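Structure, as structure tokens:
The values are calculated or read from the model by the stated rules, or taken from the named source; none is laboratory data. Predicted model, so just to flag it, every value in this text is computed and none were measured. Quick note on the areas: whole protein, heavy atoms, side chains included, nothing else; ligands and nucleic acids left out. Shrake-Rupley method; radii C 1.70, N 1.55, O 1.52, S 1.80 Å.
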Amino acid sequence: LSLRLVDAPTSIPTNTLFRVSAELEMASEEELPPFDLVLMRDGLVAQKRLIQPGKGTRVWLESFQVSEPAEGVRQYTVQFLPPTAPGLKCANSIASTTVQVSSEKELRILYVQGALTWDYKFAAWALKGDPSVRLTGLTRTSRQSIFRQNVETSDELLRGFPTTMDEIAPFRVVVLANLSPADLAPAQQELLARFCGELGGGVLMIGGPATFNPAWQGSRLEQVLPVTFASSAGVQGLDRPFNWRPTEEALRHPLFQLAGDRSSREIWSRLPPFLQYGRVNAPKPGAMIWVEHPEDEGPVGKRILMASQRFGAGVSAVICVQNFWRWRLARESETQYFDRFWRQLLRFLSEPSRQEIVIQLADQELRPEADVRVTVEKKPLPSDLPGPPQRFLLKIAETERNVFEQSLELTPGRPVETSFRADKAGLYRITVMDAQKKVVGSRSVEIRDFNVEFAQTARNMETLRQWASLSGGLAFAVEDCPSGASLVARIREKVEEARRFRPLRQPAGVNVWTLLLVAGALAGEWTLRKRWNLR
């Protein structure tokens, strides 16, 4: 008799019914006597149930229905009291899980697809165990029609993808699946960038080669995501089965912790193999690489399969795997881990939108040796009482060096603007702390050093590559050659290629003088024929 695991929503609103489920397993040729299954909340007994196990070999769930009236983190532990039976062996009799109780009523996710796929269905199944998450689907079924799922009102998303901040604001995370560049207009990409950077929303892009299309290069969406897009589909012949390999940082992060009684490395090593993936070039500064391809090499190491980064006030992420739902459907996989990962991933992407402080950058050119204008605003909350402004501390750091500090007095709903000097290019971290030194708001900003003349050139790499092809030269983005050594290697490859395909030598006698002699002879013949009236 064994208690395999305990499962519950990772986060739940106050005064909402949810279930704490225990997965039990038994194997017995004889009838097992009844036993007690106990649910403990923060170490104290909350509920007890008498279980009639019967006999045979089976795996089943026993659930406790609970509700939490106050916010906080609660630990739920399920334990069974072994019955008295000769020869009974108990592999495991206790397991625990934690639940974050918050005051939020609902976390809304917008799942956008370029065509009907299985991804939305399996994501919806995964989120059924978390009643506070509401998944809304928006699928393009043809050029002129869309399919809406789980909308709140009859006119919500009636015209398709949101076109204004008011339409996209109710959602905390936007998932883009099976989309091509033609499915997302520049104005819609700009709206997504504002949704992530200003509202603190999460943006997730998931799919394979069709989704991670080279045509995204230089787009506004590429600026939001944590990776740069590859200029081509990549090396052919590598789309064979491969395994999901999380990095060491991922295995230590709470996002990848799927069970309390088993190691993350063991769980992730049992995922089924996948078949296709979208190739991206390299991570951006400040991006966190979660999963890498075990074999495929990119410009700066193994190809990235999953990564995330802070973008403005929000978080963006990519999962470069086609048919990610195969994990849940595979015979050898355990569905509760797939479900828990999806719930934790969406919570991770939505977390910045719950920040008390909103940090925004004015519309400006971010470049070195310039003043960067920052606007800080405290969100109005129902718990706020009328009174004097609250004092906060604004800190700005470049790498690990503090470059700016300022005390701010904030009143809910009234933004305060300040500025700091960005002396050099790099990644700057903006943090706001309250009087207890608790971080209540943060975001990052990247200062780039670029030549204004080439700003448009960088967005038009395809034209440059065509000119380079005609002239026998090279054209590539700086991300493709992050070091001088790789740049020299690319040039050497081009030189060797030119040597291998050098044109044949000219035959003897073929030169400028020969051509002039032939041209003169033809001109003399034409003159004589005209003088002698020869036709």
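Given all pairs of different Cα atoms, what value in angstroms does the Kirkwood hydrodynamic radius of the range 1-156 take? In the range 1-156 this quantity evaluates to 18.3 Å.
Residues in the range 1-129 average 50 Å² of solvent-accessible surface per residue, probe 1.4 Å, ligands and nucleic acids excluded.
Roughly how many whole Å is it from the C-alpha centroid of the range 111-161 to that of the range 190-210? Each part reduced to its Cα centre gives a spacing of 16 Å. Note on the range 81-194: with neighbouring protein chains present and a 1.4 Å probe, carbon and sulfur make up 53 percent of its accessible heavy-atom surface. Rolling a 1.4 Å probe across the protein heavy atoms gives the range 275-320 an accessible surface of 27 Å² per residue.
Separation of the range 400-427 from the range 6-62 is 51 Å, based on Cα centroids. For the range 41-129, the calculated P(r) over all alpha carbon pairs, in 5 Å bins from 0 to the bin holding the longest distance, is 2, 7, 15, 16, 14, 13, 12, 10, 6, 3, 1, 0 percent. For the range 267-379, carbon and sulfur atoms together expose 45% of the accessible surface, with a 1.4 angstrom probe and every protein chain in place.
Remark: C-alpha extents of the range 128-259 on the principal axes read 45, 38, 29 Å, sorted largest to smallest. Equivalent ellipsoid of the range 59-111: semi-axes from √(5λ) of the C-alpha gyration tensor, largest first, are 34, 14, 10 Å.
For Glu167 and Val73, the difference between the fully extended length at 0.36 nm per residue and the C-alpha to C-alpha distance is 30.6 nm. Per residue, the accessible area of the range 150-240 comes to 40 Å², computed with a 1.4 Å probe over protein heavy atoms only.
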